[in-house]
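First the structure, in the form of structure tokens, and then the observations on it.
The values are calculated or read from the model by the stated rules, or taken from the named source; none is laboratory data. All values reported here derive from a predicted model rather than from experimental measurement. Neighbour counts run over all protein chains shown; Cβ positions are idealised from the backbone, glycine included. Ligands, DNA and RNA are stripped out before the accessible areas are found, and what is left, the full protein with its side chains, is counted by its heavy atoms. Shrake-Rupley method; radii C 1.70, N 1.55, O 1.52, S 1.80 Å.
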Amino acid sequence: MVSQVSYLGFALAALASKGRDIWNKTLSRIDVEGGSEDDKTVLYSSYYRTFERPICMSEDGRYFSAFDGKIHEDNGVPFYTDDWIWDTYRAAHPLYTIITPERVDGFVTSLLEHGEDQGFLPIWGLWGKETYTMIANHGVSVIA
């Protein structure tokens, strides 16, 4: 029986239900009218992928920094990494300001903290550490 299965003390059915509730709340931030079902599938699939990045590293008000290998306080602002900013600065970040403005301060604060840690804004961070694999610095446009 699914409702009796548990992982780390969580009933999987309850956890799945909570996840669906969170996702449905997120989906409700946009209202789609018209178009075919195929068009809506493409749109919602793309919408889903905009929430794949950046990743919130904060847990219970703290986060692990790959730059110095230490645990840091997030001071009430979630710490984000793995933004793949080279790909997200043109469309995803402007969309975030419209559909999830409450997350934008955390994104910008995290970029600035990354910059303080490594001496420059992140270019292409992965797991909280710079990979140096892209050109330019698109964090500037996200902050602006």
Exercise. Got a number for carbon plus sulfur as a percent of the chain's accessible area, 1.4 Å probe?
Worked result: 58 percent
Exercise. Can you list the lysines whose alpha carbon is less than 25 Å from that of LYS129, not counting same-chain residues fewer than 8 positions off?
Worked result: LYS70
Problem set entry | Under 26 Å from LYS18, Cα to Cα: lysines that are on another chain or at least 8 residues apart | LYS40
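Per residue, how much accessible area does region 1-90 have with a 1.4 Å probe, in Å²?
Values: 6610 Å² over 90 residues.
That works out to 73 Å² for each residue.
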Exercise. Given a Förster distance of 22 angstrom, what is the FRET efficiency for TRP127 paired with SER46, based on the Cβ-Cβ distance and rounded to 0.05?
Worked result: 0.35
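Any number yet on Rg/Rh for region 45-131, C-alpha, Kirkwood?
Details: Rg = 12.5 Å, Rh = 13.1 Å.
Reported Rg/Rh (Cα atoms, Kirkwood Rh): 0.95.
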For this session: Given the options VAL104, VAL42, VAL77, state which has the largest fluctuation in a GNM of the chain using a 10 Å cut-off (strictly under) for Cα springs.
Result: VAL42
Seminar exercise, completed: Sorted on mean Cβ neighbours within 10 Å (highest first), peptides 115-125, 47-57 come out as 115-125, 47-57
Exercise. If eta is 1.567 mPa s and T is 4 °C, what Stokes-Einstein diffusion coefficient results for region 94-144, Kirkwood Rh from Cα pairs, in µm²/s?
Worked result: 113 µm²/s
Problem set entry | Charge dipole (the chain, unit charges on Cβ, about Cα centre) - positive-most of GLY119, SER58, ASN24 | ASN24
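Rounded to the nearest 20 Debye, what is the dipole magnitude of region 1-91 about its Cα centre when Lys and Arg each give +1 and Asp and Glu each give -1 at the C-beta?
Working: 10 positive and 15 negative charges, 40 e Å.
So the dipole magnitude of region 1-91 works out to roughly 200 debye.
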Seminar exercise, completed: Summing -39500 (n - 2.57) over every DSSP H run of at least 4 in the chain, dividing by its residue total and rounding to the nearest 500, the 222 nm mean residue ellipticity is -13500 deg cm²/dmol
Exercise. What percent of all Cα-Cα pairs in region 1-91 falls in each 5 Å bin, counting up from 0?
Worked result: 3, 10, 13, 14, 17, 18, 13, 8, 4, 1, 0
